[in-house]
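**Student:** Pasting a structure below so you can have a look.
Nothing in this text is a laboratory measurement; each read-out follows from the coordinates by a stated rule. Quantities reported herein were computed from a predicted structural model and do not represent experimental measurements. Ideal geometry is used to build each Cβ from the backbone, glycine not excepted, and the neighbour counts take in all protein chains shown.
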Amino acid sequence: MSEPVVPQEALSNAWQNWYRFSRNPTAVIGALIVILCVSMAILAPYITPYPEHVGSFVDFRNRHQPPSALHWFGTDNVGRDILTRVIYGLRVSLILAVVVLGIAIPVGTILGLMAGYYGGWTEIIIMRITDIALAIPPLVMALAVAAVLSPSLINSMLAISALWWTWHTRLIYSITRQLRSQEFVEAAETLGASKAHILFREILPNCVSAIAVKTSLDAGFVILIGAALSFLGLGIQPPTPDLGTMVADGASYLPDFWWESMLPGSAILFLALGFNLLGDGLRDLFDVEDVR
Amino acid sequence: MEFLAFLLRRIMWSLLVLFGLSVVIFTIARVVPGDPARMALGPSASADQVAALQEALGLNAPMWEQYIRFLSGLTQGDLGRSLLTEQSVTVDIAKTFPATLELVLCTILLAFVTGVPLGVAAARWKDRWPDNLVRAIAIGSAVVPSFFLALLLQILAGYVLQILPTTGRLPAGMRFDADITGLLVIDSVLHGRFDVLGEALRHLLLPATALAAATMGQIARITRASMIDVSRQDYIEAARAFGIPDRVRLFKYSLRPAFVPPLTILGLEFASLIGGAFVVELIFSWPGMAAYGVRAITQKDLNAIMGVVMVSGVFFVMVNLVIDLLVGIVDPRVRIRGTRA
């Protein structure tokens, strides 16, 4: 058996990237927060102190308990452990982000590549549709859809995805337009490469760093919108633990039982902060200043 | 001349966006739910009642005819009747819109007067502590949920310190009729009621701050990037070579062209600003359109929902037209080139 051949150059490149990443405090802190939150969400049943408090559990003797050694984040108005519910709430937020971006990024990228490369009517039609979608606030759209259909996590995800792809389309479109007339694209055209090859093998790899930055920043924003939606009572329905819902429920007990809304709210902030720091750090790393 | 053509093109674009928006809204409200009449009356209504409401709402006509009727209603400012308030949605929105307009305008103003100086400071002392501080502020303001910030401000300034009012536009006992523009801040001055002006501003401060945070961070960040960009231009280098003082170079030569990207960003971000207003208005009991919209949504009042989404879209388009004009004023090159990007 011969050893797998690793090109020396590629190895040093990966090392170089890793080194630059590890020297960027913003990116590292962001990545650590994201990893921490994701692993807590995945391991929720094993690490939460009171897994039975996730559903419609009631323990009136222990309601409104302030944070203590037994209940680090205190208990809510029916005596459920808030830390447990916060950790489970991370799941809902993360699933929302993954699904919305899982739909928005491929759709937005393909449409952006097409609009930027083909130009003409393709460009006009795609970009006019993005203009229309930009005029609708995603939160309002999600609210309207939740009202017309029924409030559920799936409906909110669909409503937000239906608008979110536009931002990716705009980003990829502007990059593709700049690349379209570059020599390596023209060379591929001259050599008779297929359109698919040019779009996905020549242009797309040049968009990857921009997509990575945008995805990370976006994950934070999608989580915030999802939280706002459930804060208004139109996200995932109780008793499934959800951070936005917990803030809304706890808000009626402000300021006396502050932990019931402030701690779940801080959890949303923490999660969004992780994605934003990561995106911000990656932006410096990849040197793509104009991605927001 | 080119600028005029540019503006005309933008107005055409706006009309196209509004037309597209009407199709989207019509689809959500009429096509998706199946039967709006059944939805409005609830499951306990009899089949006769549903049929009667279907007839009254014109739901028996073919879809395209309903859309034409919806569109011609829109062009005449008719958004249909609200099933909840039993009034014309246009009247309902006209009553609540000024409060939202006032809040949003104050928010934009606040975001600019705080965001731009922060961005300028960050660019001026790039990679030194002011830059890092501004970066931290920008990230912080981008990640704090608007409803969380609103609650936090309400507790801090309203309950703990008790220095600012936390609900409504005016104190409960104060009588004032904003009958000219509907904006308390302007009407109170026109009527010479400066006590009302003071109270209106005090009531605006907390909700506007909660709403402005996210936009302020974006503006600071973009201003910083565009100031740095401009400062690398040849004419700034030339100005330095001529010995023109730092201050003049910064404020007169750099800031003006650097002002364009933040304005453009504001136009794009405006949709999410309106979205944020939905949450903030609810928390501060602000009697605006967003609060009306949330009520319509929880009561499944379809015409009112369509109206609110449509008016939000019109608001977005109008603000972007104003921004186009402003960009033309700030940056004369745009007037000749005829694009803003």
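**Student:** Can you pull a Stokes-Einstein diffusion coefficient for the stretch B:205-311 at 4 °C (1.567 mPa s), Rh from Kirkwood over Cα pairs, as a whole number of µm²/s?
**Tutor:** D, rounded to a whole number, is 78 µm²/s.
**Student:** Taking A:Lys195 as the anchor, which aspartates and glutamates have their alpha carbon closer than 17 Å to its alpha carbon, excluding any fewer than eight residues away along the same chain?
**Tutor:** List returned: A:Glu123, A:Glu183, A:Glu186.
**Student:** Among B:Thr166, B:Thr75, rank each residue by its count of other Cβ atoms within 10 Å, from fewest to most, as a rough exposure measure.
**Tutor:** B:Thr75, B:Thr166
**Student:** State, to one decimal in nm, how far the label point of B:Gln233 lies from the label point of B:Leu8, with both points 7 Å from Cα in the Cβ direction.
**Tutor:** 2.9 nm
**Student:** With each label point set 7 Å from Cα along the Cα-Cβ vector, what nm distance links A:Ile124 and A:Val28?
**Tutor:** 5.3 nm
**Student:** In debye, nearest 20: dipole of the stretch B:207-341 around its Cα centre with unit charges on the Cβ of K, R (+) and D, E (-)?
**Tutor:** Using only the charged Cβ atoms, the result is roughly 380 debye.
**Student:** Across peptide A:125-137, how many C-beta atoms of other chains are within 10 Å of each residue C-beta, on average?
**Tutor:** 6
**Student:** Among A:Pro137, A:Phe60, A:Trp72, whose Cα sits farthest toward the positive end of the charge dipole of the stretch A:1-160 (+1 at Cβ of Lys/Arg, -1 at Cβ of Asp/Glu, about the Cα centre)?
**Tutor:** Most positive-ward Cα: A:Phe60.
**Student:** Shifting gears a bit: Okay, which of the stretch B:294-310 sit inside 17 Å, backbone N to the point 7 Å along the Cα-Cβ direction of B:Ser44?
**Tutor:** The answer is B:299-300.
**Student:** Roughly how crowded by other chains is peptide B:144-157, in terms of the mean Cβ count from those chains within 10 Å of each of its Cβ atoms?
**Tutor:** Counting Cβ atoms of other protein chains within 10 Å of each residue's Cβ and averaging gives 6.
**Student:** For the stretch A:162-292, report the % of Cα-Cα distances exceeding 18 Å.
**Tutor:** 65 percent
**Student:** Something else about it: To the nearest 10 degrees, how steep is helix B:47-57 against the longest Cα principal axis of chain B, on a 0 to 90 scale?
**Tutor:** 50 degrees
**Student:** How far, in degrees from 0 to 90, does helix B:63-75 lean away from the longest principal axis of the Cα atoms of chain B, to the nearest 10?
**Tutor:** Long axis of B:63-75 versus the principal axis of chain B: about 50 degrees.
**Student:** Output ³J(HN,Hα) for the stretch B:114-122: one whole-Hz value per residue in order, computed from phi by the Karplus curve 6.51 cos²θ - 1.76 cosθ + 1.60 with θ = phi - 60°, and x for Gly and Pro.
**Tutor:** Taking θ as phi minus 60°, the curve returns 9, x, 5, x, 4, x, 4, 4, 5 Hz for the stretch B:114-122.
**Student:** What percentages make up the Cα-Cα pair-distance distribution of the stretch B:48-141 when the bins are 10 Å wide from 0?
**Tutor:** P(r) for the stretch B:48-141, in whole percents per bin: 13, 23, 18, 13, 15, 13, 5, 0.
**Student:** Please find the FRET efficiency linking A:Glu183 to B:Val91, where r is the Cβ-Cβ separation and R0 is fixed at 56 Å, and quote it to the nearest 0.05. Walk me through the intermediate numbers first.
**Tutor:** Numbers: r = 62 Å, r/R0 = 1.10.
For A:Glu183 and B:Val91, the calculated efficiency is 0.35.
**Student:** A:Ser39 label point, 7 Å along Cα→Cβ, cut-off 20 Å on backbone N: hits in the stretch A:209-228?
**Tutor:** The answer is none, because no backbone nitrogen lies closer than 20 Å to the label point.
**Student:** Taking neighbour counts of Cβ atoms within 10 Å as a proxy for exposure, in what order, fewest first, do B:Leu151, B:Leu205, A:Leu199 appear?
**Tutor:** B:Leu205, A:Leu199, B:Leu151
**Student:** Tell me which lysines have Cα within less than 17 Å of B:Lys252's Cα, excluding those fewer than 8 residues away on the same chain?
**Tutor:** Cα-Cα hits under 17 Å: none found.
**Student:** At a 10 angstrom cut-off on C-beta neighbours, averaged per residue, how do the peptides A:79-89, B:54-64 rank from highest to lowest?
**Tutor:** Ranked by mean Cβ neighbours within 10 Å, highest first: A:79-89, B:54-64.
**Student:** Would you list which aspartates and glutamates come within 20 Å of B:Lys300, measuring only between C-alpha atoms, while excluding same-chain residues fewer than 8 positions from it?
**Tutor:** Those aspartates and glutamates meeting the cut-off are B:Asp35, B:Glu55, B:Asp78, B:Glu86, B:Asp92, B:Glu281.
**Student:** Decide, for the protein assembly as shown, between rounded, prolate and oblate: order the square roots of the alpha carbon gyration tensor eigenvalues as a ≥ b ≥ c, take rounded if a/c falls under 1.5, and otherwise choose prolate if a/b is larger than b/c, else oblate.
**Tutor:** Verdict is rounded for the protein assembly as shown.
**Student:** Strictly greater than 12 Å: what percent of every Cα pair in the stretch B:258-307 meets that?
**Tutor:** Details: 811 of 1225 pairs.
Of all Cα-Cα distances in the stretch B:258-307, 66 percent exceed 12 Å.
**Student:** Using the alpha carbon gyration tensor of the stretch B:151-279, what are the three equivalent-ellipsoid semi-axes (square root of 5 times each eigenvalue), largest first, in whole Å?
**Tutor:** 39, 19, 15
**Student:** Check B:Arg81: other-chain or 5+ apart residues with amide H under 5 Å from its amide H, H built from backbone geometry?
**Tutor:** B:Val89
**Student:** Which far-off residues, 5 or more places away or on another chain, put their amide H under 5 Å from the one on A:Phe73, with H placed in the peptide plane?
**Tutor:** Amide H neighbours of A:Phe73: A:Ser68, A:Ile82, A:Leu83.
**Student:** Here's something else I'd like to know. Run the numbers for A:Ser174 and A:His197: contour at 0.36 nm per residue of separation, minus the present Cα-Cα distance, in nm.
**Tutor:** Full extension from A:Ser174 to A:His197 adds 6.4 nm.
**Student:** Given the peptides B:264-271, B:208-215, A:176-183, arrange them by the average over their residues of other C-beta atoms within 10 Å, most packed first.
**Tutor:** Numbers: B:264-271: 20.6, B:208-215: 25.4, A:176-183: 14.1.
Order by mean packing, descending: B:208-215, B:264-271, A:176-183.
**Student:** Treating the angle as unsigned and between 0 and 90°, give the value, to the nearest 10°, between the Cα long axis of helix A:138-148 and the longest Cα principal axis of chain A.
**Tutor:** On a 0 to 90 degree scale, this one is about 60.
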